[in-house]
Structures are given as structure tokens and as C-alpha cells.
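Asks: This is the structure, below, for whatever I ask next.
Bear in mind these aren't lab numbers, they're just calculated from the coordinates by the rules spelled out. If you're wondering where the values come from, they're calculated on a predicted model, not measured in any experiment. Here Cβ is always computed from backbone atoms with ideal geometry, including for glycine, and neighbour counts include all displayed protein chains.
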Amino acid sequence: MMNLSDDQRLEIIKIEMGLIQSTLDKYDDLIFRNRNWFITLWMGTMGATFTIKEPLFPLFATMLALLYWFTEGMMRHQYWYKYVLRYRTLRENFNSKSAIISNISLYDLTNRYMDEHGTSNERLKKSFFKLEPSVIYGLMALCSLIIWLLLINGTVVFSTNE
């Protein structure tokens, strides 16, 4: 194992934090692009419901919301989460009163050399059940499901005027 001075270790950790931040920025951008596509597809599907008078389209919109919620959760679970954990580990080590830079592992995205791992349930919860995406996708799925129910029960009917 190479012996590094504290200054060398600090420089490596600074570079690592910059890389982590740019990776988090990349995933945030990807998530928001996916949300933009979802909203466009969802609105198009709901508009098509009344344009071509097809009562099954709101079900497609509901499935679309669930698919995008799952896709975003998988992205967070498989890729994003490990960078967040590592960033938090570094932040907590630097803010600790007893921080010793030589005890901080270098470029350890798995946190293999650190004590903080979190349970798989915590990882699933933080990946799939974040408030913002759950509300966005949940409300849009609920809206399209309600419209579908109103259409099949005859509460809302398509106009026959051309």
C-alpha cells in the first residue's frame, strides 16, 4: 500500500468530490429529461383519449406513470444511490470533530472500507419512495385512472358533435 501524506489524500478526496458532484449532476439531468418525456407522453395520451374517443387510453397513461416511476427508481437504486452515500460519508467525515484524513478511504464508491452501508430496505425506500417523484407520478397515475373510471362508468361521455 502506498503511503500518502495528508495533503496528498486531501487533494485526491477533493478530486473525488468533484467527480461525485458531476456524476450527481449528470443523473439529475437525466432524471429531469425523463420526466419531461413522461409529461409529454402522458399529456399526449390523455389528449388522444378525447381526440380519438378511446376510453382505454387513460389506462395507458396510468401504466406510463408507473413505468416512469419504476424507471426513475431503478436509476436511483442502481447508479445514483452509491454516489450519494459516498458523498455523505465524506461530508460526515470532514464535519466530524475527530476527523483524521488518513482514516478516510479513497475513491470508495461501494463504501467497502467504511462502516456506512445502510440496509437494502433503506436503499429501496430512498430510491423508489422519494417524495417528489412519488407525488408526481402518483398524482398523474391517479388522475388518468380517475378519468378512465369516469369514462367507463358513463359519468363522462364523449361528445357526439363533430
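Asks: Taking the Cα centre of each part, how many Å lie between the stretch 69-84 and the stretch 1-61?
Replies: 9
Asks: If you plug each phi of the stretch 99-104 into the Karplus form 6.51 cos²θ - 1.76 cosθ + 1.60 with θ = phi - 60°, what whole-Hz ³J(HN,Hα) values come out, in order, with x for Gly and Pro?
Replies: 5, 10, 4, 6, 8, 8
Asks: If we sort 33-45, 71-83 on the protection proxy, mean other Cβ atoms within 10 Å, highest first, what's the order?
Replies: 71-83, 33-45
Asks: Continuing with the same structure: Computed on alpha carbon atoms, what radius of gyration and Dmax characterise the stretch 27-106, expressed in Å?
Replies: When restricted to Cα atoms, the stretch 27-106 yields Rg and Dmax of 20.7, 67 Å.
Asks: What list of ³J(HN,Hα) values in whole Hz, one per residue of the stretch 125-138 in order, does the Karplus curve 6.51 cos²θ - 1.76 cosθ + 1.60 (θ = phi - 60°) give from phi, with Gly and Pro shown as x?
Replies: 4, 6, 8, 9, 10, 5, 4, 4, x, 5, 5, 4, 5, x
Asks: Starting from the Cα of K125, draw a straight line to each of the lysines and keep only those under 21 Å, dropping any in the same chain fewer than 8 residues away.
Replies: Qualifying lysines at Cα under 21 Å: K82.
Asks: I need to check one value: relative contact order of the chain, counting alpha carbon pairs closer than 8 Å and at least 6 residues apart, in percent. Walk me through the intermediate numbers first.
Replies: Numbers: 111 pairs, mean separation 52.9, N = 162.
Over the chain, the number comes to 33 percent.
Asks: Next up: With r defined as the distance between the Cβ atoms of L106 and L139 and R0 fixed at 30 Å, what FRET efficiency is calculated, to the nearest 0.05? Don't skip to the end; give the middle numbers.
Replies: Values: r = 43 Å, r/R0 = 1.43.
Working from the Cβ atoms, E equals 0.10.
Asks: Now for a different question. In whole Hz, with x marking every Gly and Pro, tabulate ³J(HN,Hα) for the stretch 150-159 from phi via Karplus 6.51 cos²θ - 1.76 cosθ + 1.60, θ = phi - 60°.
Replies: Per-residue couplings from phi come out as 5, 6, 6, 8, x, 5, 10, 10, 6, 6 Hz.
Asks: Between 0 and 90 degrees, rounded to the nearest ten: what's the tilt of helix 6-51 against the longest Cα principal axis of the chain?
Replies: 0
Asks: First select every other residue whose beta carbon is under 9 angstrom from the beta carbon of L106; then total the charges, Lys and Arg +1, Asp and Glu -1.
Replies: On the way: positive: R9; negative: E16, D108.
Charge balance near L106 sits at -1.
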